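The next block holds one structure in the form of structure tokens; read it before the comments.
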Amino acid sequence: MKVKVRVNTLLSVVATVFGLSLSANACAVDADAALSLARQNGCLKCHSVEKHKDGPAYRDVAAKYKDKDHAETVKKLINHITSGEKAKFPDGHEEEHKIIKVKDVAQQTNLIEWVLSLPGGVWPEKD
Amino acid sequence: MKLIRRMVSLGVLVCGLCSVPWALAAGLPDLGEQTLTQSQANTTATESLKKDAVCTKCHDSSEMKPILSIYQTKHGVKGDSRTPSCQSCHGASENHVKNTDGKATRNKPDVVFGTKRGTSGAYPPSEAKVQSTACLSCHGKDVNRTHWEGGAHQTNDMTCASCHEVHTAHDKVRDKQTQPEVCFACHKEQRAQSKKISHHAIGEGKVVCSDCHNPHGSAGPKMLKKNTVTETCYTCHAEKRGPFLWEHQPVTEDCTNCHTPHGSNITPLLKSRAPFLCDDCHDGPHNSQAPAAALVGGIQSGLTNATTSKLANPSTSYAGRACLNCHVMVHGSNSPSGAFLHR
């Protein structure tokens, strides 16, 4: 009886650990892949991780959406990089935002998740 | 003693002071002028960097291809007014900078360098003529590029960027160790030849393509640096130049009559093996192009004359196996008795 209980406990612990590791993998951001994708698509011509260029620094973007609904934010930012909506430049003129070449939603989501995971930003941004 | 010491030191001091005006008159650098030049250089650098900033605002270290490393090259020397800014080569590119259309893909810059094969950028490269004109606006003054127009590279629509990498500190084609791999990317036959047993020391990094060829065009054949093949070869192989008392005509005509310059499996860089190489021109008394075999009689057999039973001259093709065993001075002889290039 005692042995049976122990086996059950052991199984449940293993199942929990396995489940946790799966969920951790699902949430993990591949920073290298995201940065590489940003570089390949020329995102870093207007954005930088830390520095304000024509576009806001990525860490400041993360700060902007820190307290907002995460799922909603991801959806909004994916639309931002795929729809070609207008983006306002510091001198006031507007241009269509560059559309990311990659059509794979998983890669797009990884990029947005990486941006939102960056710490240390401030909003409203400082130059 | 003390007095003598004081006198000597005073004398040294006076001599030193007297020599100052002489030294200045002799043209030692004037510090005031130097400061002025330094300030001019600073102004030049500031103005040039201000122009560059229009481009480097977006095109910075985050680019896929290195951009800012141009500052490690001669083009990136900013204190010299002769060196270019981004706009000097790529044009003002106002449509690209301002993007007045507001489209996601900007208009291309005025001049985009690269080849159809080699451009990794977002825009297709400009016409070869446009690219070359941008470079030749400065580099065209060099006499080595006088024959660019009409040269084999220009007529095949090659551009400077086909071989040169301007933005990187290490331009492969300008380094002896790496130049051949740039040339061999197109000249594959020459690459194969350079791997043969007898070759110029190209793979060893001692000889490079530009030692003999001028890729920017020349008046000679095969874009050679000099006007003729022999003249080009003589730049290194000076001992073959002569003048000789007894010349070997093909040597003075064209070295490639006998040699193949990029490599051969017959030493030294020969097109064919002696005696067959020599047989191409010489069908002399003791030479035969007919194959010698064991049952062949007469002179061809090598030793005896069948009719007179006297010793005959053996066939060189058979017995000597090579002309150069005797005719050692094949490039020419200065010996009074060297008519047959024996000595």
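The values are calculated or read from the model by the stated rules, or taken from the named source; none is laboratory data. Note that this is a predicted model, so its numbers are computed, not measured. Cβ atoms come from the backbone with ideal geometry, glycine included; neighbour counts cover every protein chain shown. We work out accessible area using only protein heavy atoms, side chains counted, and drop any ligands, DNA or RNA first. Shrake-Rupley method; radii C 1.70, N 1.55, O 1.52, S 1.80 Å.
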Note to self: Can you list the helices (runs of 4 or more DSSP H) lying wholly within segment A:24-127 that have 3 or more residues being within 14 Å of chain B (Cβ to nearest Cβ)?
What the structure shows: A:31-40, A:70-82
Note to self: If I filter segment B:195-237 down to residues being of a type in the set (A, V, I, L, M) and open to solvent by 50 Å² or more (accessible area, probe 1.4 Å), which single residue comes out as farthest from the chain's Cα centre (by Cα)?
What the structure shows: B:Ile197
Notebook entry, point to check: If you go through segment B:64-101, how many residues are within 17 Å of A:Gly42 (Cβ to Cβ), in a loop (DSSP other than H, G, I, E, B), open to solvent by less than 40 Å² (accessible area, probe 1.4 Å) and not hydroxyl-bearing (Ser, Thr, Tyr)?
Noted result: 1
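Conditions (1) within 11 Å of the chain's Cα centre (by Cα); (2) open to solvent by less than 30 Å² (accessible area, probe 1.4 Å); (3) among the aromatic types (Phe, Trp, Tyr), marked per residue:
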| position | (1), (2), (3) |
| --- | --- |
| A:Ala31 | yes, no, no |
| A:Gly55 | no, yes, no |
| A:Thr73 | yes, yes, no |
| A:Lys76 | no, no, no |
Next item on the list: For segment B:297-304, indicate whether the set of residues that are open to solvent by 90 Å² or more (accessible area, probe 1.4 Å) and at pLDDT below 90 is non-empty.
Entry: yes
Notebook entry, point to check: Within segment B:121-143, is even one residue within 14 Å of chain A (Cβ to nearest Cβ) and open to solvent by 60 Å² or more (accessible area, probe 1.4 Å)?
Noted result: yes
Margin query: When the residues of segment B:72-122 are narrowed to those that are basic (Lys, Arg) and farther than 16 Å from B:Cys160 by Cβ, which ends up nearest to the chain's Cα centre (by Cα)?
Written below: B:Arg82
Checklist line | segment B:100-120: number of residues that are in contact with a helix residue (DSSP H, G or I) (Cβ under 9 Å, 6 or more places away or on another chain), within 14 Å of chain A (Cβ to nearest Cβ) and β-branched (Val, Ile, Thr) | finding: 1
Next item on the list: Inspect all residues belonging to segment B:311-322 and state whether any of them is modelled with pLDDT under 95, over 29 Å from B:Val208 (Cβ atoms) and in contact with a strand residue (DSSP E or B) (Cβ under 7 Å, 6 or more places away or on another chain).
Entry: yes
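Residues are listed down the side, and each one gets a yes or a no for (1) open to solvent by 30 Å² or more (accessible area, probe 1.4 Å); (2) more than 30 Å from the chain's Cα centre (by Cα); (3) without any contact (Cβ under 8 Å) to a residue 40 or more places away in the chain:
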position	(1), (2), (3)
B:Trp246	yes, yes, no
B:Val251	no, no, no
B:Asp254	yes, no, yes
B:Asn257	yes, no, yes
B:Gly263	no, no, no
B:Lys271	yes, no, yes
B:Ala274	no, yes, no
B:Asp279	no, yes, yes
B:Asp283	yes, yes, yes
Check: Which residue pairs have Cβ atoms closer than 8 Å, lie 6 or more positions apart in sequence or on different chains, and pair a first residue in segment A:79-104 that is more than 15 Å from A:Gly55 (Cβ to Cβ) with a second residue that is in a loop (DSSP other than H, G, I, E, B) and modelled with pLDDT of 90 or more?
Finding: A:Asn79/A:Glu85; A:Thr82/A:Ile99; A:Thr82/A:Ile100; A:Ser83/A:His97; A:Ser83/A:Ile99; A:Lys101/A:Asn41; A:Val102/A:Asn41
Checklist line | Criterion (open to solvent by less than 90 Å² (accessible area, probe 1.4 Å) and farther than 19 Å from B:Gln72 by Cβ) met by exactly one of B:Ala169, B:Ala192, B:Ala161 | finding: B:Ala192
Next item on the list: Could you tell me which residue of segment B:48-63 is nearest to the other protein chains (Cβ to nearest Cβ), considering only residues that are of a type outside the set (S, T, N, Q) and exposed (fewer than 13 other Cβ atoms within 10 Å of the Cβ)?
Entry: B:Ala53
Check: Is it the case that B:Ser137 is assigned to a helix (DSSP H, G or I), more than 18 Å from B:Asp171 (Cβ to Cβ), among the small types (Gly, Ala, Ser) and modelled with pLDDT of 90 or more?
Finding: yes
